[in-house]
1. Between VAL21 and GLU125, what is 0.36 nm times their sequence separation minus the Cα-Cα distance? Round to one decimal in nm.
2. Which FRET efficiency value, to the nearest 0.05, is calculated for GLN231 and ILE5 with the Förster distance at 41 angstrom and r the Cβ-Cβ distance?
3. What residues have an amide H closer than 5 Å to that of ASP40, excluding those fewer than 5 places away on the same chain, when H is modeled at 1.01 Å from N in the peptide plane?
4. Sort largest first and round to whole Å: the equivalent ellipsoid semi-axes of segment 139-211, each the square root of five times a Cα gyration tensor eigenvalue.
5. Which of the peptides 42-53, 164-175 is most tightly packed, and how do the rest follow, judged by the mean count of other Cβ atoms within 10 Å per residue?
6. Give the separation of the Cα centroids, segment 107-183 to segment 32-55, in Å.
7. Once you charge only the Cβ atoms, +1 for Lys and Arg and -1 for Asp and Glu, what is the size of the charge dipole of segment 70-146 about its Cα centre, to the nearest 20 debye?
8. Rolling a 1.4 angstrom probe over the protein heavy atoms, how many square angstrom per residue are accessible across the chain?
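The values are calculated or read from the model by the stated rules, or taken from the named source; none is laboratory data. Small disclaimer: the values here were computed from a predicted structure and weren't measured. As a convention, Cβ positions derive from the backbone with ideal geometry for all residues, glycine included, and neighbour counts pool all protein chains shown. Note: accessible area is taken over every heavy atom of the protein model, side chains too, but ligands, DNA and RNA are not part of it. Shrake-Rupley method; radii C 1.70, N 1.55, O 1.52, S 1.80 Å.
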Amino acid sequence: MKTEIRMAPAKINLGLDIVGVREDGYHLLETVFQTISISDCVTVSLTEVPGITLQCTDPTVPCDPRNIAWEAAQWFCEAAGLSCGIQITLEKHIPTQAGMGGGSTDGAAVLTALQKLTRQPLSQERLFRIAAKLGADVPFFLCGGTAYASGVGEVLEPLPPFSAKHLVLAKGTQGVSTAEAYAKIDALEHPTHPPVQALRLALLQQKPLLEIAPLCGNQFETVIALDEITQIRAIMQEYGALCSVMTGSGAAVFGLFSTKADAEKACAALKKQTAFAQCCETVSR
């Protein structure tokens, strides 16, 4: 049985702005994606028995066609004309309903694992088309690193690697409905927009962390009012965070710190108050 193991990194949105809505209802965005060192472990095997099987260490994660990893395998099989079976195991470390792309990165990992296992039957263009069908941020996870995205997330511009060694991620017990979050954005009459283009330019110019941090922001923070998010941001700021920003449509928050000591102190305090808190760092492509 051929097997391929992939580490599937989580992402944060250093900046995220909703700039419009297409006729088909999909929202247009401008965002800066960044992969980080928190990751799932995805194992993909080819079997002689046809069909797709999926196992996951998190009992709350569906192990059927509702899972993006399953859907990725199904789309790949159809595109490549595979008749063998596929067995997928997800070892989850990325929290769910966090805005960290846990499902999307697993789906991308399945696609790249199957490409290697089957000796790359699909072109990169075809692979990216499948990824875009799976979700707005799945194409980004095929490459990772630092990237500016527009459209519905599928138009990607690689940026110079952003290095942040002292990063803290935290999430409470509450989740955020993505559909509800977008509906609240749509209802805003005079939305406040974070400076995503200024952030993009600063990253292109490889400005230092002290100049990057103040430009990080997320429009969803203007419409999502969870006490846990407010508490997490306050704790991060108390321990010297250069910025504390919600990622995606929530509900995880990341903080950028100048020193390892400050990050570790903030993480220790957050572990006493939240369901998930972890120190990490950015990772490149």
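1. Numbers: separation 104, 0.36 × 104 = 37.44 nm, distance 2.53 nm.
Residue separation times 0.36 nm, minus the Cα-Cα distance, leaves 34.9 nm.
2. Numbers: r = 37 Å, r/R0 = 0.90.
Efficiency, from the Cβ-Cβ distance: 0.65.
3. Sorted by chain and number, the residues that satisfy this are ALA8, ALA10, HIS93, ILE94.
4. Values: eigenvalues 126, 61, 48 Å².
In descending order the semi-axes read 25, 17, 16 Å.
5. Values: 42-53: 15.8, 164-175: 21.2.
Put in order of decreasing packing, that is 164-175, 42-53.
6. 14
7. Working: 6 positive and 6 negative charges, 37 e Å.
I would put it at about 180 debye.
8. On the way: 13000 Å² over 285 residues.
So the chain comes to 46 Å² accessible per residue, rounded to a whole number.
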